[in-house]
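Just so it is clear, none of the values below were taken in a lab; they were calculated from the coordinates. Treat the numbers as computed from the prediction; the structure is a model and nothing was measured. Glycine also receives a Cβ, built like all others from the backbone with ideal geometry; neighbour counts cover every protein chain displayed.
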């Protein structure tokens, strides 16, 4: 009888342990970390991170992508509206610690290089230090625009909660597709053809 109680108790403890480890693993691989230590922001990032109230979805155009102004990693700012009427845009929400982003970003960069006359790609980094972002971009040879979103303004405006999320925005500024996970060349081609 005593051995049965020990075995049952051990099974319960192991089961609870697996549940806790599984929950922690899923949180680290799928969500953007909310650390208690806020990222260090440069004065430029504090001033230039904003989402425009004027370019928000309306009844007339419910799929209109909200405009944003974010600091470019290369300096200056970038807005989504500057591409409206010019060419379609792929927004890539990412972080350097994300294994899927580490695999997907070089592929996306290859597609950008192939189609850059017809499409714009903006990689929006989620809450990482500028030095971390710079090191990652250089190590992966990324040539498309990188924007810093230290306050999660753009990701919140688009409802993005996970890294490696792509939004496809047509030439008129409408969101036509959300891709959670890796983007494929067919996605880029169909966006260009719209």
Centre separation in Å (Cα based) which lies between the range 166-185 and the range 82-153: 13 Å
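What is the extension gain from residue 156 to residue 177, computed as 0.36 nm multiplied by their sequence separation minus the C-alpha to C-alpha distance, in nm to one decimal?
Length gained between residue 156 and residue 177: 5.9 nm.
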Computed lengthening from residue 192 to residue 140, 0.36 nm per intervening residue step minus Cα-Cα distance: 16.2 nm
Quarter of the Cα convex hull surface for the range 124-194, i.e. its orientation-mean projected area (nm²): 5.3 nm²
Percent RCO, i.e. relative contact order, over the range 44-193, from Cα pairs under 8 Å lying at least 6 residues apart: 29 percent
Spin-label pair residue 107/residue 185, simplified geometry with 7 Å Cα→Cβ offset, distance in nm: 1.2 nm
Taking the C-alpha atoms of the range 44-193, convex hull volume expressed per residue in Å³: 102 Å³
Cubic angstrom per residue, convex hull over Cα atoms of the range 101-154: 71 Å³
